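The values are calculated or read from the model by the stated rules, or taken from the named source; none is laboratory data. All of these numbers come straight from a predicted model, not from anything done at the bench. All Cβ positions, glycine included, derive from the backbone under ideal geometry; neighbour counts span all protein chains shown. Accessible surface areas use protein heavy atoms only, side chains included; no ligands, DNA or RNA. Shrake-Rupley method; radii C 1.70, N 1.55, O 1.52, S 1.80 Å.
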Amino acid sequence: MLLRQIPFSLLMIFVITLMVLVATFSIVVGPMTISIFDSFKGLSPWANELPAHIQLVIHQIRLPRTLLCLVVGAILAISGTVMQGLFRNPLAEPGIIGVSAGAGLGAAIAIVAFSSIAMQYPLLMNIAAVPLFAFLGGALTTLLVYSLGTSKHGTSVAVMLLAGVAIGALSGAGIGYLNFIATDQMLRDLSLWSMGSLAGATWSSITLASVCLALLLTLFMRNAKGLNALLLGEAEAGHLGVNTQKLKRRLILLTAAGVGITVSIAGMIGFIGLIVPHLGRMLTGPDHKVLLPLSALMGALLLTIADMIARVAVTPAELPVGIVTAIIGAPFFLYLLFKQRGRM
Amino acid sequence: MGLKSAISCKHIHLTLAGKVILNDISLNIRQGEVTTLLGPNGAGKSSLLKILADEIKATVNKDSEIHYFNESKANWNRGQLAKHVGILPQQSSLTFAFTVREVVELGLLPLSLSRKQADCVINDMLEKVDTLHLETRLYPLLSGGEKQRVHLARVLTQLSESGNKTVLMLDEPTSALDISHQHNTLSIARNMADKGAAVIIVLHDLNLAAQYSDRVLILNEGKIQADGTPWQALTAEKIEQVYQHPVEVLKHPSADYPVVYAI
């Protein structure tokens with residue numbers, strides 16, 4: 001209650017400032033020591049005064065990686081926020097209805113099936129084949145789960161969640177089988193990708209993710225009021241004039257698109273979509289008009305921090321970022337379960 | 001009766017999982033009246049209310065149709081209908097930590113009020129249901145009765161721009177309330193009807209129904225068993241026949257409505 005009395009504008013200024021600081025720090029941090037001064041210089045018009053290898057590290061590795069962290073973190077967080085609102089369950093997460101697993105299976109199929117062309121056309125593989133298959137896998141899974149969970153009386157949340165669990169298991173088996181038949185090289189690609197990594201940031205993937213973020217945030221914000229009403233219950237939202245079937249369908253597909261694209265770009269990074277909406281609601285309450293922008297910023301912030309930890313925890317090697325988010329997120333999820341245990 | 005029709009339905013059938021819930025109900029709900037739906041558990045009261053509120057669809061029947069203010073349902077768009085027809089559910093599944101004021105503000109959704117007008121309406125409605133002192137409290141932490149009153153304020157907010165076409169539906173609005181708030185809630189309904197609204201209330205308490213209704217409908221086994229003023233509908237024979245429990249009906253000592261005593 002005390003937290004929620006902080007004015008929203010003040011909160012946004014604070015989070016934006018923190019995000020800029022963390023993003024800057026993220027460019028300074030890494031296995032190669034580059035001073036803060038040089039890092040700033042590398043981002044300024046005087047970058048060409050720096051040695052070529054330092055310019056290269058800043059422009060080709062650290063800056064794209066930081067930007068990708070910010071954008072992917074924001075997409076994961078707003079998708080999670082919308083998913084929890086849609087299911088009226090603060091424990092729901094994009095992963096939970098099977099979208100991540102379905103997208104993962106799609107990506108894994110692409111990695112194994114097209115491994116022969118991966119050597120010759122790595123770009124085509126990374127920016128077209130894997131993202132497309134991940135997206136298709138995510139979208140198909142969502143449609144399947146959705147049609148399983150929907151009867152003429154509306155969408156049953158329980159059926160949908162359980163269907164998500166089953167389809168998650170099926171996708172897991174599929175990915176397991178692909179691991180079994182994969183060659184060593186495929187296996188390395190698969191496992192690296194499946195744990196989530198932001199190391200492969202390219203300007204094309206940043207562009208793809210940024211366009212996706214802009215579209216999602218705009219469309220989610222346009223449906224924020226309807227989503228608020230949906231928290232009352234489907235019937236109540238209907239009585240307030242909301243076309244609930246249309247709203248749900250739209251939001252489910254948009255969320256699937258967001259998750260599909262992040263999975264294709266950065267692998268399965270869990271728990272950002274769970275933690276961020278929770279923290280956001282503590283700060284602003286469940287009103288999506290303010291929760292969504294705040295979630296986007298906090299998601300960007302959190303994933304950037306997680307990625308920094310991933311980079312420095314075991315230098316000179318680095319951890320997959322999915323491990324870091326799971327270490328933070330899984331106990332958090334258990335804590336939430338523990339708090340809810342009386343009501344389940 | 002010169003009262004105008006608010007909702008009319010013809011030949012409503014509802015079958016759920018092979019069980020007949022409503023059997024050929026035709027009904028005209030009039031403006032300016034409090035109409036109360038009574039009947040034993042499972043009589044189909046809530047189902048009828050939900051059909052009238054367009055929440056569930058009647059089992060397909062080519063004869064069945066619903067009109068709101070003499071316009072077929074098909075001619076109303078959702079947003080317009082929401083401004084004129086409000087329903088208070090028996091209970092809400094809201095678990096997210098909105099403040100009381102934010103819950104009431106959700107009722108603004110179908111309206112287009114300025115911030116200032118909206119604040120005014122919200123304050124009025126919070127005051128009306130005696131929840132103004134709770135406005136900054138978190139909804140999930142309220143008692144059942146407080147929650148029910150907050151939702152009433154939300155529905156009243158939703159209907160604040162309804163003009164002379166208002167339907168207020170209340171599904172067991174007093175189930176969680178103490179005696180003073182029971183009468184406060186039903187008085188609000190009574191006042192709205194006196195100003196021309198059509199009010200439909202599902203109740204269990206026969207005496208509250210007798211005190212506040214212009215018209216009482218007794219539903220049983222999917223059919224309307226009695227339809228009339230409290231004196232016409234609430235007769236000892238009818239109540240005993242429908243509820244299978246012996247009662248005695250007397251006149252209230254100081255007012256002109258029946259009082260039902262269980263024996």
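What is the residue count in the stretch A:30-79 for residues that are more than 15 Å from the chain's Cα centre (by Cα) and closer than 30 Å to residue A:287 by Cβ?
0
Working only within the stretch A:218-233, note down all residues that are within 11 Å of chain B (Cβ to nearest Cβ), farther than 22 Å from residue B:167 by Cα and part of a loop (DSSP other than H, G, I, E, B).
Of everything in the stretch A:218-233, just one residue is within 11 Å of chain B (Cβ to nearest Cβ), farther than 22 Å from residue B:167 by Cα and part of a loop (DSSP other than H, G, I, E, B), namely A:231.
Could you tell me whether any residue of the stretch B:87-95 is on the phi < 0 side of the Ramachandran plot, at pLDDT 90 or above and in a strand (DSSP E or B)?
Within the stretch B:87-95, one or more residues are on the phi < 0 side of the Ramachandran plot, at pLDDT 90 or above and in a strand (DSSP E or B).
Hey, could you check the stretch B:97-116 for residues that are within 7 Å of chain A (Cβ to nearest Cβ), part of a loop (DSSP other than H, G, I, E, B) and open to solvent by 20 Å² or more (accessible area, probe 1.4 Å) and say which is farthest from residue B:66 (Cα to Cα)?
Checking each candidate, the answer is B:97.
If you check A:240, A:251, which single one turns out to be within 14 Å of chain B (Cβ to nearest Cβ) and buried (at least 21 other Cβ atoms within 10 Å of the Cβ)?
A:240
Quick one: residue B:69 ticks every box in (1) surrounded by fewer than 20 Cβ atoms within 10 Å (Cβ to Cβ); (2) over 25 Å from residue B:197 (Cβ atoms) bar one, so which box is it?
(2)
Which pairs have Cβ atoms under 7 Å, sit 6 or more apart or on different chains, and link a residue in the stretch B:106-134 that is under 19 Å from residue B:187 (Cβ atoms) to one that is open to solvent by less than 50 Å² (accessible area, probe 1.4 Å) and of a type in the set (Asp, Glu)?
Hits for this filter: B:131/B:146.
Could you list, in sequence order, the residues of the stretch A:113-128 that are open to solvent by 20 Å² or more (accessible area, probe 1.4 Å) and either within 14 Å of residue A:171 (Cβ to Cβ) or among the hydrophobic types (A, V, I, L, M, F, W, C) (or both)? Don't jump to the end; show me each part of the working.
Step one: list which residues in the stretch A:113-128 are open to solvent by 20 Å² or more (accessible area, probe 1.4 Å), which gives A:113-124, A:126-128.
Hits for the stretch A:113-128 are A:113, A:114, A:117, A:118, A:119, A:123, A:124, A:127, A:128.
For residue A:268, are the conditions met, namely being open to solvent by 20 Å² or more (accessible area, probe 1.4 Å), aliphatic (A, V, I, L, M) and facing chain B (nearest Cβ under 10 Å)?
No; evaluated as a whole, the condition is false for this residue.
Select from the stretch B:74-96 the residues that are free of Cβ contacts under 8 Å to residues at least 60 places away in the same chain, open to solvent by 40 Å² or more (accessible area, probe 1.4 Å) and either within 22 Å of residue A:290 (Cα to Cα) or within 13 Å of chain A (Cβ to nearest Cβ) (or both) and list them in ascending order.
If the condition is that a residue be free of Cβ contacts under 8 Å to residues at least 60 places away in the same chain, open to solvent by 40 Å² or more (accessible area, probe 1.4 Å) and either within 22 Å of residue A:290 (Cα to Cα) or within 13 Å of chain A (Cβ to nearest Cβ) (or both), then B:76, B:77, B:78, B:80, B:91, B:93, B:95 are the ones that fit.
What is the number of the single condition among (1) hydrophobic (A, V, I, L, M, F, W, C); (2) farther than 25 Å from residue A:287 by Cα; (3) within 14 Å of chain B (Cβ to nearest Cβ) that residue A:162 does not meet?
Unmet condition: (3).
So in the stretch A:1-34, with the set limited to residues that are within 24 Å of residue A:308 (Cα to Cα), at pLDDT below 85 and open to solvent by 40 Å² or more (accessible area, probe 1.4 Å), which one is nearest to the other protein chains (Cβ to nearest Cβ)?
Across the stretch A:1-34, the extreme among qualifying residues is A:31.
Suppose we keep only residues that are under 22 Å from residue A:210 (Cβ atoms) and among the polar types (S, T, N, Q) within the stretch A:296-336. Which one would you say is modelled with the highest pLDDT?
Filtering first and then ranking leaves A:304.
Might you let me know whether the stretch B:47-56 holds any residue that is of a type in the set (A, V, I, L, M), at pLDDT below 90 and open to solvent by 60 Å² or more (accessible area, probe 1.4 Å)?
Quick first cut of the stretch B:47-56, residues of a type in the set (A, V, I, L, M) only: B:48-49, B:51-53, B:56.
The next check asks that each one be at pLDDT below 90; those that pass are B:56.
Next cut, open to solvent by 60 Å² or more (accessible area, probe 1.4 Å) only: none.
Looking for residues that are of a type in the set (A, V, I, L, M), at pLDDT below 90 and open to solvent by 60 Å² or more (accessible area, probe 1.4 Å), one finds none in the stretch B:47-56, hence no.
Note down all Cβ pairs under 7 Å where the first residue falls in the stretch A:4-19 and is among the basic types (Lys, Arg), the second is open to solvent by less than 70 Å² (accessible area, probe 1.4 Å), and they're at least six residues apart or on different chains.
A:4/A:283; A:4/A:284; A:4/A:285
Identify the single condition in (1) closer than 23 Å to residue A:325 by Cα; (2) of a type outside the set (Val, Ile, Thr); (3) modelled with pLDDT of 80 or more; (4) surrounded by fewer than 17 Cβ atoms within 10 Å (Cβ to Cβ) that residue A:134 does not satisfy, given that it satisfies every other one.
(4)
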